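First up is the structure itself, then whatever we jot down about it.
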Amino acid sequence: MPLKSNKGKRKHSRNYLEFDKNPAPQEHEPDPGLLAQLWARGVEPASYPWKPVPFWALVVASVCFAFLMYLLKTDLLGHHSFWMRGLHRVNLVFHEFGHPAFSFFGRTMNILGGTLGQLLIPLIVTVAFWRQRDALGCTVGGFWFFENFLDVAVYMADAQVLLLPLIGGLGSEAHDWRNLFTMWDVLGKTSIIAGTTKTLGWLGMFFTWAWLSWRWLCSKNT
């Protein structure tokens, strides 16, 4: 009986091997775990314990907060207080820096950038201390952040009366919130918006102060 030839089978096997050596190109999809990893790195400090708050730190912070809130209530614009003038000038530096920093995003963001700048820097400080689980530093940053709300509220309230002196002696054309409220057609609601911003600022400062006291109690009980 004649033997069956294996040439066909060998030929097919060779084709299979050649096919395996040259697989079809696969599309590279973005790693779905990348965003999850970045998010995990961002919130990872939340799993760490907070640093304890000593009693002396709570006392010193409370005295400073009470004194600053008294000045904010009685001399917000810093006409008579060296401390308020100094704080206002620090906030003003970040305010002016915010204008060119956000100017790349259009005219509206350029105008709004001043307020965003003076709010963003304290917020960055707060987040930095939060990542270190430093309750005292986090509270100081948060208090500073909400204190700026009062400064912004004064600027907002001036959108109609135009009594605040502007840098360089500029007129109403350079008034940030007058321009913004006019663009948004809410100039008639200036007092409501300014009052709400001011209230949020006071509530935020009281909240951060209370939160520091709570962190001290937690430290005391551990």
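The values are calculated or read from the model by the stated rules, or taken from the named source; none is laboratory data. None of the values given here were measured: they were computed from a predicted structure. Here Cβ is always computed from backbone atoms with ideal geometry, including for glycine, and neighbour counts include all displayed protein chains.
For the range 111-169, name all the residues that are among the aromatic types (F, W, Y) and more than 14 Å from the chain's Cα centre (by Cα). Talk me through it step by step, then tell me what you get.
Going residue by residue through the range 111-169, those that are among the aromatic types (F, W, Y) are 129-130, 143-146, 149, 155.
The one that is among the aromatic types (F, W, Y) and more than 14 Å from the chain's Cα centre (by Cα): Y155.
Give me the pairs: first residue in the range 95-109 and over 17 Å from M156 (Cβ atoms), second residue surrounded by 13 or more Cβ atoms within 10 Å (Cβ to Cβ) and among the aromatic types (F, W, Y), beta-carbon distance under 8 Å, and six or more apart or on different chains, which are they?
M109/F102
Give the residues of the range 103-137 that are touching a Phe, Trp or Tyr at 6+ places or on another chain (Cβ under 9 Å), of a type in the set (A, V, I, L, M, F, W, C) and under 28 Å from G195 (Cβ atoms), sorted by residue number.
Matches in the range 103-137: M109, I111, L112, L116, L119, L120, I121, L123, V125.
Being buried (at least 19 other Cβ atoms within 10 Å of the Cβ) and either of a type in the set (S, T, Y) or touching a residue at least 12 places away in the same chain (Cβ under 8 Å) (or both) is the requirement here; does A157 meet it? Working first, answer last.
On the way: buried (at least 19 other Cβ atoms within 10 Å of the Cβ): yes; either of a type in the set (S, T, Y) or touching a residue at least 12 places away in the same chain (Cβ under 8 Å) (or both): yes.
Yes; evaluated as a whole, the condition is true for this residue.
Quick one: in the range 73-110, of everything that is within 30 Å of L212 (Cα to Cα) and among the small types (G, A, S), which residue is modelled with the highest pLDDT?
We begin by selecting, within the range 73-110, every residue within 30 Å of L212 (Cα to Cα); these are 73-78, 80-95, 98.
Those still in the list that are among the small types (G, A, S) too: 78, 81, 86, 98.
Numbers: G78: 72, S81: 82, G86: 90, G98: 94.
Looking at residues that are within 30 Å of L212 (Cα to Cα) and among the small types (G, A, S), I get G98.
Select from the range 117-143 the residues that are within 18 Å of H88 (Cβ to Cβ), aliphatic (A, V, I, L, M) and buried (at least 20 other Cβ atoms within 10 Å of the Cβ) and list them in ascending order.
Scanning the range 117-143 gives L119, I121, V140.
What helices (runs of 4 or more DSSP H), lying completely within the range 111-222, carry at least 1 residues that are under 26 Å from P49 (Cβ atoms), of a type outside the set (G, A, S) and at pLDDT 95 or above?
Here the list reads 135-161, 190-221.
Which residue pairs have Cβ atoms under 8 Å apart, sit 6 or more places apart or on different chains, and have a first residue in the range 61-85 that is over 13 Å from L150 (Cβ atoms) and a second that is part of a helix (DSSP H, G or I) and not hydrophobic (A, V, I, L, M, F, W, C)?
A61/T139; S62/S213
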